[in-house]
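I have placed the structure first, in the form of structure tokens, so that the comments after it can refer back to it.
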Amino acid sequence: MLQREMQEKMQSLNNRITGLEGSYVQASKSVQLDESFDEEVQQQIQDRPTTAQKLTTTKKVSAFGRVLRKGKQLSMRLPRGTSRNDSPYAQTMVDPNCNTRAMHIEAFMGILRKSYPDSNWTTVSTQFVALLPQCYSEFKQLGANMEWPTFFLDQINGISLWTKEFFRPWSSVDKVFFPINFDNQHWVCGVLDINEWRMYIYDSAQYTESIERVKKLLMPFKTLTHLMKASNFYISKGIPSPDPLPTLQYRCIRDVPKQDVGSGDCGIFLLMFMEYLARDHPFNFTSAHSKRLRKRVATTIFQGRALSFEDF
């Protein structure tokens, strides 16, 4: 009797399972996955920030090998309407045909600042340099009535609430490194010596050979003395504010490593100039080391620390 009841219950359960399977098949056939769904999914994937994945292999992998294993995450997130085949968004930091992007420069400079918090130098963001010409245009019209944006004043004072990055105040350093992009075409390294009040330009190409071009492009930096006064730099430094304010001088350093003609290595050389000067190390690289320098920058960003000069 008990065995027959168990068989009946099992049969009833099997019938219910069969019915559920049938309804699932019918429901799955009634939904059409068209191209609009695919586009929405792809866009959601593109909008998500890339995160590092933990390696599962037990094999010993070189520092640069880990960069490649993580999927070359230095490639930029694609904006809306951009295909993965579009250049330059599909390029990566280690691609010799890739021009260095502002995001790479920001990341590398941030690591340098955090690695040497007690140094006598600091950097400004790429936005600082990019927005300075607009500030200069307004200053030419308003003069002493100019109300300086807090964005500039905060970076001079070592405050960066927007990006939450570490910046040293200018009053505590002797030099400030500037990532300068001339005509939105070419990166050079600018080093402001506060004590000498002179801007040194390190150019990996021949872009600054024209004195007139350099003068024109550096004109916005004339506002730095006014910005520093408005930010209470001289009060923080404990020195009287000069009156009249000094005129900024500049000097282009010619005897520096040069990139290959037509290459997109100006951003890489900018970062190397900055790192070598910040760490007081003589330039010992040439255009022949371009590929290794790209690997160095990529690995520095992925590891989040400054590398020794013997690592590559």
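Residue by residue, here is whether (1) open to solvent by 20 Å² or more (accessible area, probe 1.4 Å); (2) modelled with pLDDT under 80; (3) within 22 Å of residue 296 (Cβ to Cβ); (4) out of contact with any Ser or Thr (no Cβ under 7 Å at 6 or more places or on another chain) holds:
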position	(1), (2), (3), (4)
59	yes, yes, no, yes
70	yes, yes, yes, yes
78	no, yes, no, yes
87	yes, yes, no, yes
105	no, no, yes, no
110	no, no, yes, yes
123	no, no, yes, yes
127	yes, no, no, yes
159	yes, no, no, yes
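Would you mind telling me which numbered condition in (1) touching a residue at least 24 places away in the same chain (Cβ under 8 Å); (2) assigned to a helix (DSSP H, G or I); (3) open to solvent by 50 Å² or more (accessible area, probe 1.4 Å) residue 297 fails?
(3)
Looking only at residues in the range 221-240 that are basic (Lys, Arg) and in contact with a Ser or Thr (Cβ under 7 Å, 6 or more places away or on another chain), which one is least open to solvent (accessible area, probe 1.4 Å)?
If we take residues in the range 221-240 being basic (Lys, Arg) and in contact with a Ser or Thr (Cβ under 7 Å, 6 or more places away or on another chain), then 237 is least open to solvent (accessible area, probe 1.4 Å).
Residue by residue through the range 133-157, note down the ones that are in contact (Cβ under 8 Å) with a residue 60 or more places away in the chain and open to solvent by 60 Å² or more (accessible area, probe 1.4 Å).
none
Can you say whether residue 262 is closer than 20 Å to residue 186 by Cα, at pLDDT 90 or above and small (Gly, Ala, Ser), as far as the supplied structure shows? Lay out the reasoning, then the answer.
Values: closer than 20 Å to residue 186 by Cα: yes; at pLDDT 90 or above: no; small (Gly, Ala, Ser): yes.
Here the answer is no, as residue 262 does not meet what is asked.
Using the structure shown, decide if residue 225 is among the hydroxyl-bearing types (Ser, Thr, Tyr) and modelled with pLDDT under 90.
no
Residues in the range 246-262 that are closer than 23 Å to residue 135 by Cα, open to solvent by 70 Å² or more (accessible area, probe 1.4 Å) and part of a loop (DSSP other than H, G, I, E, B): how many?
Within the range 246-262, residues that are closer than 23 Å to residue 135 by Cα, open to solvent by 70 Å² or more (accessible area, probe 1.4 Å) and part of a loop (DSSP other than H, G, I, E, B) number 1.
Of the conditions (1) farther than 19 Å from residue 265 by Cβ; (2) modelled with pLDDT of 70 or more; (3) under 16 Å from the mean Cα position of the chain (by Cα); (4) acidic (Asp, Glu), residue 118 clears all except one; give me its number.
Result: residue 118 passes all but (3).
Take the conditions β-branched (Val, Ile, Thr) and open to solvent by 40 Å² or more (accessible area, probe 1.4 Å) and apply them to residue 194. Does it pass? Write out each step before concluding.
Numbers: β-branched (Val, Ile, Thr): yes; open to solvent by 40 Å² or more (accessible area, probe 1.4 Å): no.
The answer is no for residue 194.
For the range 152-194, enumerate the residues that are over 20 Å from residue 273 (Cβ atoms), in a loop (DSSP other than H, G, I, E, B) and not hydrophobic (A, V, I, L, M, F, W, C).
Hits for the range 152-194 are 157, 158, 160, 163, 164, 165, 169.
Any chance the range 138-145 includes a residue that's among the acidic types (Asp, Glu) and either in a loop (DSSP other than H, G, I, E, B) or within 26 Å of residue 280 (Cα to Cα) (or both)?
no
Check 243, 280 and return the single one that is open to solvent by 60 Å² or more (accessible area, probe 1.4 Å), part of a loop (DSSP other than H, G, I, E, B) and modelled with pLDDT under 90.
243
Scan (1) surrounded by fewer than 21 Cβ atoms within 10 Å (Cβ to Cβ); (2) of a type in the set (Gly, Ala, Ser); (3) in contact (Cβ under 8 Å) with a residue 40 or more places away in the chain for the single condition residue 210 breaks and write down its number.
If we test residue 210 against (1) surrounded by fewer than 21 Cβ atoms within 10 Å (Cβ to Cβ); (2) of a type in the set (Gly, Ala, Ser); (3) in contact (Cβ under 8 Å) with a residue 40 or more places away in the chain, just (3) comes out false.
In this structure, is residue 218 open to solvent by less than 40 Å² (accessible area, probe 1.4 Å), in contact (Cβ under 8 Å) with a residue 24 or more places away in the chain, within 20 Å of residue 128 (Cβ to Cβ) and in contact with a Gly (Cβ under 9 Å, 6 or more places away or on another chain)?
When the stated conditions are applied, residue 218 passes them.
Which condition does residue 204 not pass, out of (1) touching a Ser or Thr at 6+ places or on another chain (Cβ under 9 Å); (2) open to solvent by less than 10 Å² (accessible area, probe 1.4 Å); (3) not in a loop (DSSP other than H, G, I, E, B), if it passes all the others?
Against the list (1) touching a Ser or Thr at 6+ places or on another chain (Cβ under 9 Å); (2) open to solvent by less than 10 Å² (accessible area, probe 1.4 Å); (3) not in a loop (DSSP other than H, G, I, E, B), residue 204 comes up short only on (3).
The values are calculated or read from the model by the stated rules, or taken from the named source; none is laboratory data. What you see is a predicted model, and the numbers here were worked out from it, not measured in a lab. Counting neighbours? That spans all protein chains shown, and the Cβs are built from the backbone with ideal geometry, glycine included. The area values use the complete protein model at the heavy-atom level, side chains included, leaving out ligands, DNA and RNA. Shrake-Rupley method; radii C 1.70, N 1.55, O 1.52, S 1.80 Å.
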